[in-house]
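Trainee: The structure follows.
The values are calculated or read from the model by the stated rules, or taken from the named source; none is laboratory data. The shown structure was predicted, so the numbers you read here are calculated from the model rather than taken from an experiment. Reconstructed Cβ throughout: ideal geometry from the backbone, glycine too, with neighbour counts over all protein chains shown.
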Amino acid sequence: MSLLLDLGTPPHIVRQIVGHSDIGVTMKVYAHASLDEQRKALRRLGDTLS
């Protein structure tokens with residue numbers, strides 16, 4: 001389900017798919033960003049600020 005989040009699926013949709021009653025559980029379990037995704041995000045931020 002982390003892949004769904006990486007693909008831009010809204011967290012509330014992922015929550016419904018996996019059947020969690022609380023969005024906090026979904027985010028705690030599935031929303032850990034990969035190191036590569038963190039690097040990409042920081043690179044985009046740097047590009048935007050330069």
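Trainee: Hey, could you check the chain for residues that are out of contact with any helix residue (DSSP H, G or I) (no Cβ under 6 Å at 6 or more places or on another chain), β-branched (Val, Ile, Thr) and assigned to a helix (DSSP H, G or I) and say which is surrounded by the fewest Cβ atoms within 10 Å (Cβ to Cβ)?
Mentor: Thr48
Trainee: Only one of Arg43, Arg39 is basic (Lys, Arg), at pLDDT below 90 and over 10 Å from the mean Cα position of the chain (by Cα); which? Lay out the reasoning, then the answer.
Mentor: Details: Arg43 fails: at pLDDT below 90.
Going through Arg43, Arg39 in turn, the sole match is Arg39.
Trainee: Within region 3-18, take every residue that is among the β-branched types (Val, Ile, Thr) and touching a Phe, Trp or Tyr at 6+ places or on another chain (Cβ under 9 Å) and give me the one that is nearest to Lys40 (Cα to Cα).
Mentor: To start, the set of residues in region 3-18 that are among the β-branched types (Val, Ile, Thr) comprises 9, 13-14, 17-18.
Within this subset, residues satisfying the condition of being touching a Phe, Trp or Tyr at 6+ places or on another chain (Cβ under 9 Å) are 14, 18.
Values: Val14: 22, Val18: 27 Å.
Once the filter is applied, the top-ranked residue is Val14.
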